[in-house]
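*Asks:* I'd like to ask you about the structure that follows.
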């Protein structure tokens, strides 16, 4: 029978791109990790890694085994949690993450309700964007994450995970007074191709929605201001520095800012509750249920 610890090391080599990285995650030395991986190759009678002085990569056999390992580790995790689930919600923990704009209106009320119902369960929370939260749930470092996904961006790796739709959040274009026409409630992005733009910090990945949406309308936005704080972006809009795309959850009324619903292109981000598909934890399921009771469209 294959050793799950060795399988976990191989999976972590695939995730980190190095034996040293896998060893760090496993809490052992790189030499020990290398020996365990060699033992796994000997046991199977096939090379799983292509080693060179400066790098390591999976062979085709290694990639096949890693694909199976995701399912094996999920089932082992499920078995362990099922054993502890008999104690119900009298103890245990649930580790939660969410991106910042989901916190106030979606996550905090659910956490408060959960604590009132199950005061003996330890709850922890970390603010994290989907590109960090989703792998953490898959790796077992988190139990539940509230994540978002834009239609115009590539889907993340969801192997071994379950996502349930929590909310569809329409993007708004925040504009200063001189760019708002009387009676205007909607916006086409290409009408603002010549405007100065404000946006979040990342220029690629989950947060690069401003660039991607504008490019879909055949123009490159002139982004002169960047911040990961929507409150700061809206203050800059109010000060007449430009326009900004903001999620509906962040579109808090502010003097000097008008919010226009983006209708061309359609701009929606789906917000999900993300958990491991094989996680039987009553605490995780209970908190997910409380979040979904607040589901909106």
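The values are calculated or read from the model by the stated rules, or taken from the named source; none is laboratory data. This structure is a prediction, so every number in the text was calculated from the model and none was measured. Here the Cβ positions follow ideal geometry from the backbone for every residue, glycine too, while neighbour counts run over all protein chains shown.
*Asks:* Taking region 15-40, which residues are crowded, with 19+ Cβ neighbours inside 10 Å and touching a strand residue (DSSP E or B) at 6+ places or on another chain (Cβ under 8 Å)?
*Replies:* 19, 37
*Asks:* Could you tell me whether region 227-240 includes any residue that is assigned by TED's automatic domain parsing to the domain that holds residue 178, in contact (Cβ under 8 Å) with a residue 24 or more places away in the chain and part of a strand (DSSP E or B)?
*Replies:* There is no residue in region 227-240 that is assigned by TED's automatic domain parsing to the domain that holds residue 178, in contact (Cβ under 8 Å) with a residue 24 or more places away in the chain and part of a strand (DSSP E or B).
Yes/no matrix, rows are residues, columns are (1) within 14 Å of the chain's Cα centre (by Cα); (2) surrounded by fewer than 16 Cβ atoms within 10 Å (Cβ to Cβ); (3) at pLDDT below 95:
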residue: 150; (1), (2), (3): yes, no, yes
residue: 156; (1), (2), (3): yes, no, yes
residue: 160; (1), (2), (3): no, no, yes
residue: 177; (1), (2), (3): no, yes, yes
residue: 195; (1), (2), (3): no, no, no
residue: 199; (1), (2), (3): no, no, yes
residue: 207; (1), (2), (3): yes, no, yes
residue: 210; (1), (2), (3): no, no, yes
residue: 213; (1), (2), (3): no, no, yes
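*Asks:* Something else about it: Test residue 29 against the criterion of being touching a helix residue (DSSP H, G or I) at 6+ places or on another chain (Cβ under 8 Å) and at pLDDT 90 or above, and give yes or no.
*Replies:* Yes: the conditions hold for residue 29.
*Asks:* Would you say residue 112 is exposed (fewer than 15 other Cβ atoms within 10 Å of the Cβ) and either at positive phi or outside any helix (DSSP H, G or I) (or both)?
*Replies:* So residue 112 does not fit the description; no.
*Asks:* Scanning for something more than 28 Å from residue 159 (Cα to Cα) and surrounded by 14 or more Cβ atoms within 10 Å (Cβ to Cβ), does region 280-288 turn up at least one residue?
*Replies:* no
*Asks:* Please determine whether any residue of region 274-295 is under 19 Å from residue 177 (Cα atoms) and either touching a helix residue (DSSP H, G or I) at 6+ places or on another chain (Cβ under 9 Å) or at pLDDT below 90 (or both).
*Replies:* No, there is no match, as no residue in region 274-295 is under 19 Å from residue 177 (Cα atoms) and either touching a helix residue (DSSP H, G or I) at 6+ places or on another chain (Cβ under 9 Å) or at pLDDT below 90 (or both).
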